[in-house]
1. Toward the positive end of the charge dipole of the chain, about the Cα centre and with charges on Cβ (Lys, Arg +1; Asp, Glu -1), which of His30, Leu11, Leu43 goes farthest?
2. When only DSSP loop residues count, what chymotrypsin sites (Phe, Trp or Tyr not before Pro) in the chain have their Cβ near at most 11 other Cβ atoms within 10 Å?
3. GNM, the chain, Cα, under 10 Å: largest mean-square fluctuation among Val19, Val27, Val58?
4. Using the Karplus curve 6.51 cos²θ - 1.76 cosθ + 1.60 with θ = phi - 60°, what ³J(HN,Hα) values do you get for each residue of the range 48-63, in whole Hz, with x for Gly and Pro?
5. For Ile29, enumerate residues with amide H under 5 Å from its amide H, sequence gap 5+ or separate chain, H modeled in the peptide plane.
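Computed from the coordinates by the stated procedures, all read-outs in this text should not be read as laboratory data. What you see is a predicted model; the values in this text were computed from it and never measured. Because the Cβ atoms are built from the backbone with ideal geometry, glycine has one as well, and the counts that use them run over all protein chains shown.
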Amino acid sequence: MRNLKLTAVLLLSAALVIVALQNREPVEIHFLFTTTSMPQVLLLFLTAAGGFCVGLLVALLAFRRRKGRR
């Protein structure tokens, strides 16, 4: 089981490095009244982190609501 976890971590790490290396070119981002430029890999990371935070918040609020009903 330990070897399986280690293999999974190594494969995911390698995939992350490949994505980072292939998405280094800058892209323009338009948000409300601001335009900025950043590497694609940073935009991917920020988007994934934001989605994770929103999902965590929704799960915590749903858990709190269920716990309050009991």
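1. The residue sitting most towards the positive pole is Leu11.
2. Loop-located and lightly packed - Phe33.
3. Its mean-square fluctuation being the largest, the pick is Val58.
4. For the range 48-63, the Karplus curve yields 5, 5, x, x, 5, 5, 5, x, 5, 4, 4, 5, 5, 5, 5, 5 Hz.
5. So Ile29 has HN proximity to Thr36, Ser37, Met38.
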